[in-house]
1. Does LEU288 fit the bill of being at pLDDT 90 or above, of a type in the set (A, V, I, L, M), within 23 Å of SER433 (Cβ to Cβ) and open to solvent by 20 Å² or more (accessible area, probe 1.4 Å)?
2. Tally time: how many residues in the stretch 360-397 are of a type outside the set (S, T, N, Q) and over 20 Å from SER423 (Cα atoms)?
3. Based on what the data block shows, is SER364 surrounded by fewer than 20 Cβ atoms within 10 Å (Cβ to Cβ) and either touching a residue at least 24 places away in the same chain (Cβ under 8 Å) or not polar (S, T, N, Q) (or both)?
4. For THR246, are the conditions met, namely being over 26 Å from the mean Cα position of the chain (by Cα) and of a type in the set (S, T, N, Q)?
5. On the given criteria, is ILE68 surrounded by fewer than 20 Cβ atoms within 10 Å (Cβ to Cβ), in contact with a Gly (Cβ under 8 Å, 6 or more places away or on another chain) and of a type in the set (A, V, I, L, M, F, W, C)?
6. Among the residues of the stretch 31-42, how many are in a strand (DSSP E or B) and either touching a residue at least 24 places away in the same chain (Cβ under 8 Å) or over 26 Å from ARG228 (Cβ atoms) (or both)?
7. In the set GLU382, GLU394, which member is in contact with a Lys or Arg (Cβ under 8 Å, 6 or more places away or on another chain) and among the charged types (D, E, K, R)?
8. Going by what's in this entry, would GLU382 be described as more than 25 Å from ALA346 (Cβ to Cβ) and in contact (Cβ under 8 Å) with a residue 12 or more places away in the chain?
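The values are calculated or read from the model by the stated rules, or taken from the named source; none is laboratory data. Worth saying up front: this structure is predicted, and the values here are computed from it rather than measured. Here the Cβ is made from the backbone with ideal geometry for all residues, glycine too, and neighbour counts use every protein chain on show. To get the accessible areas, we keep the full protein, side chains included, count just its heavy atoms, and leave off ligands, DNA and RNA. Shrake-Rupley method; radii C 1.70, N 1.55, O 1.52, S 1.80 Å.
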Amino acid sequence: MTDVMMPRLSDTMEEGVVSRWLMKVGDRVHKGDVLAEIDTDKTTMDLEAYEEGVLEQLLVPEGETVKIGLRIAVIGDGSGTAAPAAEPGTAPAAEPRPSPAEAPGSLAPPAPAGPPPVPGAGVPRSGPESEPPERVLRSPLARRIAREHHLDLAAIKGTGPGGRIVRADVEDAVHAAEGTEGHPAEQPPSGAPAAAAASAPAAVTAPATAPMPAGGTDVELPLNANQRITAERLSESAAVPTFCLTAVVDADRLLAFRAEINQRLAGAGVKLSVTDLLVRASAVALRLHPEVNSSWGGNKIIRRGGVHVGIAVALETGLIVPVIRDADRKSVGQIAAEAKELATRAREGKLAPAEFKGGTFTISNLGMFGIDNFTAIINPPEAAILAVGSAVQEAVVRDGQLGTRSAIKLTMTVDHRVLNGASGAAFLRDLTSILEEPLRIVV
């Protein structure tokens, strides 16, 4: 008998929620099979089996929060003799072999002939008496993408170690099935006002608004894990000595450049947002200013070897910052496609930890909400964060003539332990220059 414990799936994880069981009692389990989806403090991750056998018990119902290290399932030899041992700290929901009659809506019954406890679980097992299917090595992300596109993993050739099916293999299969190549097209923006639409990044969403409590009664809302960790991190950042720098970008050429690219490449499915251009421009500027692409290391400053730009995304459950890795080496089109994919999966809670960790610089854009100017809280241990406002029309004097221009305000919050004012100002000056000469973004 093997106990399946709630694993630690991120550095900050203290407990997890069994979001969904993907296998049912009686299923034969192979190493690498995904037993369940676990909601951590940041994302949803797969719980894989490390032992072979028969899934004999599910000790925790879907939606229950469990501390790390507590038992959530039991894998046995199929004899049905496995029973949860009475040990301190065992999850209180653990009950030996619940039946449908005594635990409606809870865990799956042991009878293999019974109805599946998790509708639509997508487990390709026909039952304990059937012939075990050939095992398919694949990454959790590959499995997820295949499931979303209704692809049979057995029909996909893996190119990873040992023939393991990786994300790229499934994406190639998706493209082949759709008869297309490259990344999926970005959805066009909604009919927002011109300035807001121009500034609207594909990777930011508005958080949901909660209804007003009835009867004037205060309501206490407990923090979810993501909100708790975010609050702790932001509290830590309050101890960072920071200063802010603000610059105004003359955005006429930038917006015209974006509109021209989108018009020319509409047939290829390319749709750039201003944030995509900001990510690429920031990456170019960071390459010129490695002192900004640095981290505070306690008693040292760490110059980061890669340029990894994070984009702040507001979720209903809190805040997360997916990271575009090696953004200085990617085209704007690649950045746009990746940003869209990351934002989509962030909203679905399906980012892997590696996709929101390790950033070296963060961009937070609230332009689509009509915010002209704001300051963002630094994301430790990064040295700086860039807050981007909306594109607004303002009066300007050019060659002695009064006119108007589109202007975007950039405010950079800087860790003063890593950078001084002159270094930060030089970076912001060059970033502004790149944005005002947008060909430098793509060259």
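1. Details: at pLDDT 90 or above: yes; of a type in the set (A, V, I, L, M): yes; within 23 Å of SER433 (Cβ to Cβ): yes; open to solvent by 20 Å² or more (accessible area, probe 1.4 Å): yes.
In short, yes.
2. First, the residues of the stretch 360-397 that are of a type outside the set (S, T, N, Q): 361, 363, 366-372, 374, 376-378, 380-389, 391-392, 394-397.
Cutting the leftovers down to over 20 Å from SER423 (Cα atoms) gives us 366-372, 374, 389, 391-392, 394-397.
Here the count works out to 15.
3. Working: surrounded by fewer than 20 Cβ atoms within 10 Å (Cβ to Cβ): no; either touching a residue at least 24 places away in the same chain (Cβ under 8 Å) or not polar (S, T, N, Q) (or both): yes.
In short, no.
4. Details: over 26 Å from the mean Cα position of the chain (by Cα): yes; of a type in the set (S, T, N, Q): yes.
Considered against the rule, which asks whether it is over 26 Å from the mean Cα position of the chain (by Cα) and of a type in the set (S, T, N, Q), THR246 comes out as yes.
5. Details: surrounded by fewer than 20 Cβ atoms within 10 Å (Cβ to Cβ): yes; in contact with a Gly (Cβ under 8 Å, 6 or more places away or on another chain): yes; of a type in the set (A, V, I, L, M, F, W, C): yes.
The answer is yes for ILE68.
6. The qualifying residues number 5.
7. Numbers: GLU382 fails: in contact with a Lys or Arg (Cβ under 8 Å, 6 or more places away or on another chain).
Only one candidate qualifies: GLU394.
8. Values: more than 25 Å from ALA346 (Cβ to Cβ): no; in contact (Cβ under 8 Å) with a residue 12 or more places away in the chain: yes.
So GLU382 fails the test.
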